Each structure stands twice: as C-alpha cells, then as structure tokens.
Amino acid sequence: MKLKIAVLAGDGIGPEISRQGVAVTEAVAKRFGHEVEFEHAICGAHAIDVVGDPFPPETLAVCQRADAVLFSAVGDPKYDNNPTSPVRPEQGLLAMRSQLGLFANVRPISTYASLLHLSPLRAELLEGADFVCIRELTGGMYFGERGRTNDRAFDTCVYTRPEIERILRVGFETAMSRQRHLTVVDKANILDSSRLWRQIAQEMEPQYPEVRVDYMFVDYASMRMIAEPRYFDVIVTENTFGDILTDEAACISGSMGLLPSASLGTGTPLFEPVHGSWPQAAGQNIANPVAQILCVAMLFEHFGLAEEGRAVREAVAQSIEQGIRTPDIQKPGGPHYGTTQVGEWIVDFILKN
Ligand code: IPM
Ligand code: MG
C-alpha cells in the first residue's frame, strides 16, 4: 500500500516522540513492503511563533492531501499562564479537529500485566480491563456559543440530531466489533442535550439487537470506571465528559505515556497520543514514545493492515516485558532508557521479527 502521511510534531515533547513514530512507521513499511511518504507541517505554539496562527492554512492543506495525520502534541506554559493571550496553541488543536471533520475520538484503554503496579488502583481490579472510550470531538461546550463580560461568562453545550446519530453509530459499530456492550454516558437527569442523546440512542437500539446498551450518568460512570474498570466494553459520550473520563482512564493503564487515540470523521484520519506536550520534559530524551508508537499501530489498522498493527503492538509489549522502558514506567532502580533508545529498540524488533 502507498500511504502519504502528514506529520505534525507540535510543541514540547512532540518533536521527540514524533521522530520515533516516523521511524516505526518506516520500519513497518520496510518489513511489510509498503511505500510511505511523509510531509511535515507546523502547528501549536511553534506555529504561533512562526506565522501567528496555531493551525495555519498551509498545515490544513498538508493534512488534506495526506491519507493520514500523525500528530504529537501542542501546548506551551507561556500561554497557559496568560489568560488574556489572544491566541493559544490549543485553539489550533480544535481548529484541526473541526476543519478536518474529526468528530469521533477513539481512545482504547488496556493494561500490561507487568505494569499493573504503576496504577494507583489495586492490581486485582485492573487485570484484564480493556475498553474503548468514544469521545465526540467537534461539538458540545468546546464549540458552542460562549461569551464573557467583566464578571459574567458562559459556555454552551449544543448538539444536533445528526451530530448525535453519527457518534452513536461509531459507538454501536465499535461495540459490534468487540464484546457488544455499549455504555452511553450522559447527564440526562439535568441536561437537555443529554436527554436528546439518550432519546436518540434508545431509538437506535433496535438497529443493533445484539448490542447490550446501558445508560450511565457521568458522575456515576467516573466512579464505576475506577471501582470496576472491567465492567466496560465501549463507552460513548459527549466532548467534555469524554475529555475528563479519558484522563481518568489513563490511571488504569498506569501512565499517560501509553495511550494512543484515533480521531476519525469526514476528513483525513488523525492519530494522536492522549497525553499533552509535557514542556518540562522537552529536549531531555525522557518522554515515553509508546503512546505515539501505538498511534502508528492504530493508523495501519485503520487501513485494514491488521498484521502491521500487530507487529507494532508486539514490539511495544516486548519492550515493556524486557524492561526497555522510559523512566515513567521503569522499575525502581531499573536501567535508564531514553525516548530514542526505546524507539530504536522497537524499530529493531519490528525489523528482526
Ligand atoms: C485532549 C486534550 C485537549 C482537549 C486539550 C489540549 C485542548 O486535553 O485531547 O484530551 O481538551 O481536547
Ligand atoms: Mg484531555
């Protein structure tokens, strides 16, 4: 297969993990006989510095002419600590999602047997936990009308029927490809937008008679997720709830550095780690490249290349098993491996196996 990949490294640890993602993509292409071509583009704080726009039109064009986008991270403390800044790197991320029509963010959560101890949760609760969070990505409060006067501010959560139907469909279809259990997470005891979600989900249920559907308020879901993570198979929820729940879910895997995601919709599919730009670690060669590398697995799988995806996952699992780990997941007193050493080990494993 021929694949053209847009590479958006962004800020902080972005460029370091991006290099490993690209190297792993090249290794897979070499081993399985694919042709990949990369086109790099700027985004985030880096793009603000260069052209004053966190998602410039040229970057959009690079994404649009690619088959997939390999994205890393955006964000910089100089904007976080300045609430009056007229432009922020995160706006680039939202513009990117919205302009590429990426309404579904698929965030798989799983565990590695040898890393269970890293979770703040007890190992016996975690063993075998394996679920997918489908987060709506281009609606809700992130994109609703907002405003502010001196001492009053508001954000609006708006969803239309077509927006809800298309994301619920991703939820039902994902459930069909897994254990056929779908949990719709909302706040239908309070919010009208949630009641519309719930109504539409109930209308769609008969189309998927094999899927067991349950409905859970988001407050209870957040508790259940850490009290009984094995309960879940597929969760579908709106943008803000999904943002919060997926950071919580990262506790189950033990490190944010392990979680990839796919953002899918009408435009070019995009693969992004769940973690952010971790500016404090930038340039230190300590960031875990695994989330980015697992994005590469998801990218190949998206194009139906399951063997390729498996090769990447196997290499990652072996690196963890054999202790080739960055400090965030290394055993106390274990050897030090940097971002590049872990990436190179994984590349080698893919090429040799
Ligand atoms: C995420 C991040 C982003 C979000 C931020 C960086 C804008 O937290 O992808 O979960 O809130 O969507
Ligand atoms: Mg988040």
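The values are calculated or read from the model by the stated rules, or taken from the named source; none is laboratory data. Treat the numbers as computed from the prediction; the structure is a model and nothing was measured. Don't worry about glycine lacking a Cβ; one is built from the backbone with ideal geometry, like all the others, and counts go over all protein chains shown. Heavy atoms of the whole protein, side chains included, go into the accessibility calculation; ligands, DNA and RNA do not. Shrake-Rupley method; radii C 1.70, N 1.55, O 1.52, S 1.80 Å.
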Candidates S261, S277 - the one that is within 15 Å of ligand 1 (Cβ to nearest atom), farther than 30 Å from L191 by Cα and among the hydroxyl-bearing types (S, T, Y): S277
Candidate set: segment 128-174, residues that are assigned to a strand (DSSP E or B) and small (G, A, S); chosen: the one nearest to ligand 2 (Cβ to nearest atom): A153
Cβ pairs under 7 Å, 6+ apart or interchain, first in segment 272-287 and of a type in the set (F, W, Y), second open to solvent by less than 10 Å² (accessible area, probe 1.4 Å), ordered by first then second residue, are W278/I13; W278/A287
Restricting the first residue to segment 288-315 and requiring it to be farther than 22 Å from K2 by Cβ, which pairs with a second residue that is part of a loop (DSSP other than H, G, I, E, B) and aliphatic (A, V, I, L, M) meet a Cβ separation below 8 Å and a spacing of at least six or different chains? A291/L259; A291/V274; L294/L259
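For segment 256-269, how many residues meet the condition of being at pLDDT below 90 and crowded, with 22+ Cβ neighbours inside 10 Å?
Total satisfying the criteria: 0.
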What are the residues in segment 295-313 that are within 23 Å of S255 (Cα to Cα), open to solvent by 10 Å² or more (accessible area, probe 1.4 Å) and out of contact with any helix residue (DSSP H, G or I) (no Cβ under 6 Å at 6 or more places or on another chain), if any? M298, R310
When both residues are 6+ apart or on different chains and their Cβ atoms are under 8 Å apart, which pairs have a first residue that lies in segment 70-86 and is farther than 11 Å from W278 by Cα and touching a residue at least 12 places away in the same chain (Cβ under 8 Å), and a second that is part of a loop (DSSP other than H, G, I, E, B) and open to solvent by 60 Å² or more (accessible area, probe 1.4 Å)? Y79/R88
Restricting to segment 243-255, give me the number of residues that are open to solvent by 10 Å² or more (accessible area, probe 1.4 Å) and near ligand 1 (Cβ under 10 Å from one of its atoms). 3
Restricting attention to segment 4-46, which residues are open to solvent by less than 10 Å² (accessible area, probe 1.4 Å) and hydrophobic (A, V, I, L, M, F, W, C)? I5, A6, V7, L8, I13, I17, V24, A27, V28, A29, C43, A45
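Residue by residue through segment 131-178, note down the ones that are without any contact (Cβ under 8 Å) to a residue 24 or more places away in the chain, surrounded by 12 or more Cβ atoms within 10 Å (Cβ to Cβ) and under 18 Å from M298 (Cβ atoms).
E173, the sole residue that qualifies.
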Subset of segment 224-249 that is out of contact with any Lys or Arg (no Cβ under 9 Å at 6 or more places or on another chain) and either free of Cβ contacts under 8 Å to residues at least 60 places away in the same chain or hydrophobic (A, V, I, L, M, F, W, C) (or both) - its residue that is nearest to ligand 2 (Cβ to nearest atom): D247
Only one residue in A201, A113 is among the aliphatic types (A, V, I, L, M), over 16 Å from A249 (Cα atoms) and touching an Asp or Glu at 6+ places or on another chain (Cβ under 8 Å), so which one is that? A113
From E314, E272, E344, E307, residue being closer than 27 Å to C43 by Cβ, modelled with pLDDT of 95 or more, of a type in the set (D, E, K, R) and over 15 Å from the mean Cα position of the chain (by Cα): E344
Where in segment 201-320 are there helices (runs of 4 or more DSSP H), lying fully within it, with 3 or more residues that are outside the structural domain of F103 (by TED's automatic domain parsing) and β-branched (V, I, T)? 239-253
Any chance segment 59-80 includes a residue that's more than 27 Å from A297 (Cα to Cα) and touching a Phe, Trp or Tyr at 6+ places or on another chain (Cβ under 9 Å)? no
Can you spot a residue in segment 111-134 that is within 16 Å of ligand 1 (Cβ to nearest atom) and not assigned by TED's automatic domain parsing to the domain that holds D243? no
Would it be correct to say that M223 is open to solvent by less than 60 Å² (accessible area, probe 1.4 Å) and either within 23 Å of P108 (Cα to Cα) or in contact with a strand residue (DSSP E or B) (Cβ under 9 Å, 6 or more places away or on another chain) (or both)? no
